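The values are calculated or read from the model by the stated rules, or taken from the named source; none is laboratory data. Given the structure is predicted, the values throughout are model-derived calculations rather than measurements. Cβ coordinates were reconstructed from backbone atoms using ideal geometry, including for glycine residues, and neighbour counts include every protein chain displayed. Only protein heavy atoms, including side chains, enter the accessible area calculation; ligands, DNA and RNA are left aside. Shrake-Rupley method; radii C 1.70, N 1.55, O 1.52, S 1.80 Å.
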Amino acid sequence: MTQAWQTHDVTNQVPPLTDYNLYATDTALQAAVAAFGADWHAKELHRQGARLGEAEVQQWAETANRHTPELQTFDARGHRIDRVEFHPAWHALMSLLRGAQLQSMPWAHPRPGVMAARTASYFLHAQNEAGALCPTTMTFASIPVLAKEASLFPPLKDKLLAPQHDPRDAPLAQKHAMLVGMGMTEKQGGSDVRANTTTATERGDGSVSIVGHKWFFSAPQCDAHLVLARERDADAVSCFFVPRYTPDGRKNAVQIQRLKDKLGNRSNASSEVEFLDAYGTRVGAPGRGVPTIIEMATYTRLDCVIGSAAMMRTGVVQAIHHARHRAAFGAKLVDQDLMTTVLADLALESEAATWLAMRLARAFDAAASDDDSPVQRAWRRIVLPAAKFWVCKRALELAGECMEVWGGNGYVETGPLARLYREAPVNSIWEGSGNVMCLDVLRAMSREPEVAQAWFGWLVERAGAHAPLRAALAQLHGWLAADAATHAVRARAIAQQIVLLAQAALLLEHAPAELAHGFIESRFCVAGGRVYGVMPDTLAVGVQRAWLDRAFLA
């Protein structure tokens, strides 16, 4: 006879956060969509928000990261195939992204506010799963580069813009949609792509033969890659379009050596490859490969900001949801003053990142219109790399804090926060590390001082009435006016100050006054470190609780 044992009742455990609308519960994102000219996309964002909150889609994300890509080097008969196999959940996620046209929306449907609309949609999708965003972003960023190639682009255009996902490993002529990846870094260089040794030799028919390697080749299943290589006897690298199949239908001579065993971003395949006389065609002018890739990087860096802001949003929502349901020491966590302060601080960080990402998108919209100006260029050229540095860094810290709100349940792989924490560092590393971004900020201000001055003028108009912001701006001007030899040492402080001032100005312009003042007081008036939950005594707990209601509408 079997005895049924029950040692305890399961109580005080938080229900999973499923079947909610990611857009309808996000007051700040809705306001930013309206403020930056994308309200025409709001109905679709409501639909996407509902779909992405469904338990089924959340399960796809978990499954795609648990069943990681597998490299099939040879087929059963010994033929080299270099094929990457993905779980069906990955392809389901890719179909969602492609259906939202996140790889092409501004190029397929240009209209006022389209970059802001795409940013809002990307922000929603990034809250669910980040790995599938990698090939989506690279394809998106490749389109304006490839569009300049009169002979190359026409047969690719419809496949790049197509709103369907085509997972088949087949020659481009047989496919209705395509993905584009990137191959830049090598073992000896990393971010220093000018140290690349991979070579490209003219074949005599307008194509080149590429020999060498890439240490990070993302993502190898893509239908083509933009690759940096050094032309014979050239001092500078050029950029080349390297398809997965050659024009005659043969598999190109790009051999995958192995897939990277990554900390996070595990649903997505990154690889090491060798080029053995691989077929390619030049993109851009000879020796201008780095500027060509930098044009792509302008868009990929924007997506890094959006993606990290979305990770912040995910963490904050999960933390607030947990605190609303979990009790400890006789009260719900959300009603305990210190927890309120921590959560409110996290909510401030998340909303500031949301507004920053959406304002950067507005600057990209301006670039495609008659409304462009030095101020808009400053957002793209100066604030974007600073934001990529700062928001990506803060996302990592925030993920750890949200995990701590969950306690032990946050530290196990069966919950969502472990994956979030492993994912958080990638955007700080990809598309230029923090130091590269901060030095780029200095370079941009040095090369275009009139653009920098225009942005500072915009900032003074919106923030000049606030003493803490005037003091921070004066400090920033002092750093920039000092001996140029000191700039590199202060580069991170300069980038941080630019972003915090930008976020403060955006919140003053668009957010409730109490929230904007709370951000200013907590970011500019509190002595000590940057640990979340260190807030001025002047910010009443009742005010902070109102921020939580705004942050996540239950």
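Values computed for the structure shown
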| quantity | calculated |
| --- | --- |
| Selection status of Met358, open to solvent by less than 30 Å² (accessible area, probe 1.4 Å) and of a type in the set (A, V, I, L, M) | yes |
| Count - residues of the stretch 87-99 that are of a type outside the set (Lys, Arg) and open to solvent by less than 30 Å² (accessible area, probe 1.4 Å) | 6 |
| Wholly within the stretch 100-157, helices (runs of 4 or more DSSP H) carrying at least 2 residues that are open to solvent by 20 Å² or more (accessible area, probe 1.4 Å) and in contact with a helix residue (DSSP H, G or I) (Cβ under 8 Å, 6 or more places away or on another chain) | 105-108 |
| Residue that is nearest to Pro425 (Cα to Cα) [pool: residues in the stretch 256-278 that are in contact with a Leu (Cβ under 7 Å, 6 or more places away or on another chain) and among the hydrophobic types (A, V, I, L, M, F, W, C)] | Ala269 |
| Of all residues making up the stretch 182-203, the number that are in a strand (DSSP E or B) and over 19 Å from Thr300 (Cα atoms) | 4 |
| Within the stretch 413-438, tally of residues that are hydrophobic (A, V, I, L, M, F, W, C), farther than 18 Å from Thr300 by Cβ and touching a helix residue (DSSP H, G or I) at 6+ places or on another chain (Cβ under 6 Å) | 2 |
| Sole residue being closer than 28 Å to Met178 by Cα and out of contact with any His (no Cβ under 7 Å at 6 or more places or on another chain), chosen from His67, His109, His91 | His109 |
| Output for the stretch 74-103, where each listed residue is of a type in the set (A, V, I, L, M, F, W, C) and either touching a residue at least 12 places away in the same chain (Cβ under 8 Å) or under 24 Å from Leu302 (Cα atoms) (or both) | Ile81, Val84, Phe86, Ala89, Trp90, Ala92, Leu93, Met94, Leu96, Leu97, Ala100, Leu102 |
| Selection count where residues are of a type in the set (Phe, Trp, Tyr) and open to solvent by 50 Å² or more (accessible area, probe 1.4 Å), scope the stretch 196-234 | 2 |
| The listed residue being at pLDDT 95 or above, of a type in the set (Lys, Arg) and within 28 Å of the chain's Cα centre (by Cα), out of Arg462, Arg490 | Arg490 |
| Filter result (open to solvent by 60 Å² or more (accessible area, probe 1.4 Å) and either in contact (Cβ under 8 Å) with a residue 12 or more places away in the chain or among the polar types (S, T, N, Q) (or both)) within the stretch 24-50 | Asp39, Trp40, His46 |
| So Leu259, is it in contact with a Pro (Cβ under 7 Å, 6 or more places away or on another chain) and either of a type in the set (A, V, I, L, M) or at pLDDT 95 or above (or both) | yes |
| The stretch 262-283, residues that are among the polar types (S, T, N, Q) and on the phi > 0 side of the Ramachandran plot | Asn265 |
| Residue in the stretch 168-181 that is open to solvent by 10 Å² or more (accessible area, probe 1.4 Å), closer than 25 Å to Ala357 by Cβ and touching a residue at least 60 places away in the same chain (Cβ under 8 Å) present | yes |
| Breaking point among (1) over 19 Å from the mean Cα position of the chain (by Cα); (2) modelled with pLDDT of 95 or more, for Phe140 | (1) |
| Flag for Leu71 being open to solvent by less than 20 Å² (accessible area, probe 1.4 Å) and in contact (Cβ under 8 Å) with a residue 24 or more places away in the chain | no |
| Residue that is farther than 30 Å from Thr300 by Cβ and either in contact with a His (Cβ under 8 Å, 6 or more places away or on another chain) or touching a residue at least 24 places away in the same chain (Cβ under 8 Å) (or both), where the choices are Ala347, Ala327, Ala331, Ala387 | Ala327 |
| Members of the stretch 465-514 that are in a helix (DSSP H, G or I), open to solvent by 20 Å² or more (accessible area, probe 1.4 Å) and under 21 Å from Ala31 (Cβ atoms) | Leu508, Glu509, His510, Ala513, Glu514 |
| Index of the failed condition, Pro243 passing every other in (1) at pLDDT 95 or above; (2) more than 15 Å from Pro220 (Cα to Cα) | (2) |
| Restricting the stretch 252-301 to residues that are in contact with a strand residue (DSSP E or B) (Cβ under 6 Å, 6 or more places away or on another chain) and basic (Lys, Arg), the residue that is nearest to Ile143 (Cα to Cα) | Arg282 |
| Cross-chain or 6+ apart pairs with Cβ under 8 Å, the stretch 409-428 first and farther than 24 Å from Phe389 by Cβ and open to solvent by 20 Å² or more (accessible area, probe 1.4 Å), then assigned to a helix (DSSP H, G or I) and aliphatic (A, V, I, L, M) | Tyr411/Met403; Tyr411/Leu417; Tyr411/Ala418; Val412/Ala418 |
| Residues being under 22 Å from His322 (Cα atoms) and in a loop (DSSP other than H, G, I, E, B) - total across the stretch 9-41 | 18 |
| Residue in the stretch 499-554 that is modelled with the lowest pLDDT, counting only those that are of a type in the set (Gly, Ala, Ser) and touching a His at 6+ places or on another chain (Cβ under 9 Å) | Ala554 |
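Matching residues to (1) part of a helix (DSSP H, G or I); (2) more than 15 Å from Met311 (Cβ to Cβ):
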{"site": "Asp371", "(1), (2)": "no, yes"}
{"site": "Ala378", "(1), (2)": "yes, yes"}
{"site": "Val391", "(1), (2)": "yes, no"}
{"site": "Ala395", "(1), (2)": "yes, no"}
{"site": "Ala399", "(1), (2)": "yes, no"}
